[in-house]
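Input: a single structure, listed below in structure tokens.
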Amino acid sequence: MTNNSSRTARRIVFVAAPGAEILDLVGPLQVFARASEIFVGQNPGASPIYSVEVATTSPHRSFVTNCGLQIIAHKTFRQPSRNIDTLLIAGGSAIEND
């Protein structure tokens, strides 16, 4: 890729509900975060290619995964949001039972 300062990062949003499988959330999230990190490392001065964030279906930003790990999301899914390029939903019993 070329260094293009006018390029904006692709916005990747992960939606996770209380009870989500942690690997369904952090595995794919790490792939996008690392790809962006590698790109910036190979293109000094370039902007990241991905903007990664977590939104939760919980009314509060904090939620607990199926293994008991508490995560604080960037926002709730109910909060207004600008354009999303890629939306991914973390699976687990929270999604499967609804």
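Any read-out appearing in this document is the output of simple, stated calculations on the displayed coordinates, not a laboratory observation. Keep in mind the model is a prediction, meaning the values are calculated, not measured.
Go ahead and set up a Gaussian network model of the chain, Cα springs under 10 Å, then flag whichever of N83, N43, N66 fluctuates most.
Top of the fluctuation ranking is N83.
May I ask you to evaluate 6.51 cos²θ - 1.76 cosθ + 1.60, the Karplus curve with θ = phi - 60°, for each residue of region 80-89 and list the ³J(HN,Hα) values in order in whole Hz, giving x for glycine and proline?
Whole-Hz 3J(HN,Hα) from phi for region 80-89: x, 9, 7, 4, 10, 7, 9, 10, 10, 10.
For region 23-33, in order, what is each residue's ³J(HN,Hα) by Karplus, 6.51 cos²θ - 1.76 cosθ + 1.60 with θ = phi - 60°, in whole Hz (x at glycine and Pro)?
For region 23-33, the Karplus curve yields 5, 5, 8, 6, x, x, 4, 5, 4, 5, 5 Hz.
Which residue, I22, I38, I12, has the most motion in a Gaussian network model of the chain that connects Cα atoms within less than 10 Å?
Looking only at I22, I38, I12, the biggest GNM fluctuation is shown by I38.
Enter the Cα centre distance for the pair region 60-85 and region 19-56, rounded to the nearest angstrom.
Spelled out, the Cα-based centre of one part sits 16 Å from the other.
Just need log10 I(q)/I(0) for the chain at q = 0.10, 0.14, 0.21 Å⁻¹, Debye formula, equal scatterers on the alpha-carbon atoms, no solvent, rounded to two decimals.
With one equal scatterer per Cα and no solvent, log10 I(q)/I(0) is -0.31, -0.56, -1.00.
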